[in-house]
Amino acid sequence: MKTLKVNIVTPDGPVSETEANMVIATTEIGEIGILPGHIAMVAPLQIGALRLKKDNSTVHVAVHGGFIEVRPDVVTVLAQQAELASDIDIARAERAAKRAEEKLQAKADKLEMQLAELDLRRAINRLNVSKQK
Ligand code: ATP
């Protein structure tokens, strides 16, 4: 089965450099599936899951925004933060979700509310992806 190279990079360094038969990403316009030979494109990513399918297994990655760049033989994901499901600290994400919910309930100013909403979305994404490992 044909494969694609997949590189996931954050400002802290590479999160994963691997090969996959198929990559499924959550872009701003919905989920896309990328197979080897896909046309070149760049798309913004949502806070969501990235799934790397290889043979009969799937690696799940929590990706918090950023961009996906597709070339026929390479997929590069550039994100501010990304974590493999197996690296997610569930207790930390639960604490982050609780903190964000408390901030949202406190009804602070608009910017703080927007930041808390993003914190909550990141924490929920981590919790959802961590269940898939
Ligand atoms: P927190 O409020 O728990 O710190 P956050 O989304 O604000 O969450 P940052 O502090 O900005 O996260 O992240 C610093 C680093 O820690 C990043 O590399 C990020 O990928 C990683 N990280 C954050 N939360 C988790 C988690 N629950 N499990 C594993 N890595 C995490």
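Placing dummy labels 7 Å off each Cα toward the beta-carbon, the span from residue 108 to residue 17 is 3.9 nm. Per-residue ellipticity at 222 nm from helix content only, as computed over the chain with -39500 (n - 2.57) for each DSSP H run of at least four residues, stands at -9500 deg cm²/dmol. For the chain, the per residue solvent-accessible surface stands at 60 Å², with DNA, RNA and ligands left out and a 1.4 Å probe.
From the square roots a ≥ b ≥ c of the eigenvalues of the alpha-carbon gyration tensor of the range 71-133, which class results: rounded (a/c under 1.5), prolate (a/b over b/c), or oblate? Oblate is the answer for the range 71-133, as a/c is 1.5 or above yet b/c matches or exceeds a/b. Computed from the C-beta positions of residue 28 and residue 87, the FRET efficiency with R₀ = 30 Å rounds to 0.75.
Overall shape: rounded for the range 4-85, with the ratio a/c of the largest to smallest alpha carbon gyration tensor axis below 1.5. Check which residues have an amide H placed less than 5 Å from residue 74's amide H, if you skip close sequence neighbours. Counting only residues 5 or more places away or on other chains, the set is 5. Count charges around residue 104 for me, please; just the other residues with Cβ under 13 Å from its Cβ, Lys/Arg as +1, Asp/Glu as -1. Net charge in that neighbourhood comes out at 0. The range 1-58 and the range 75-104 have Cα centres spaced 19 Å apart. Of the solvent-accessible surface of the chain, computed with a 1.4 Å probe over protein heavy atoms with every protein chain present, carbon and sulfur atoms account for 52 percent.
The values are calculated or read from the model by the stated rules, or taken from the named source; none is laboratory data. None of the values given here were measured: they were computed from a predicted structure. We place every Cβ from the backbone using ideal geometry, glycine too, and count neighbours over all the protein chains shown. Only protein heavy atoms, including side chains, enter the accessible area calculation; ligands, DNA and RNA are left aside. Shrake-Rupley method; radii C 1.70, N 1.55, O 1.52, S 1.80 Å.
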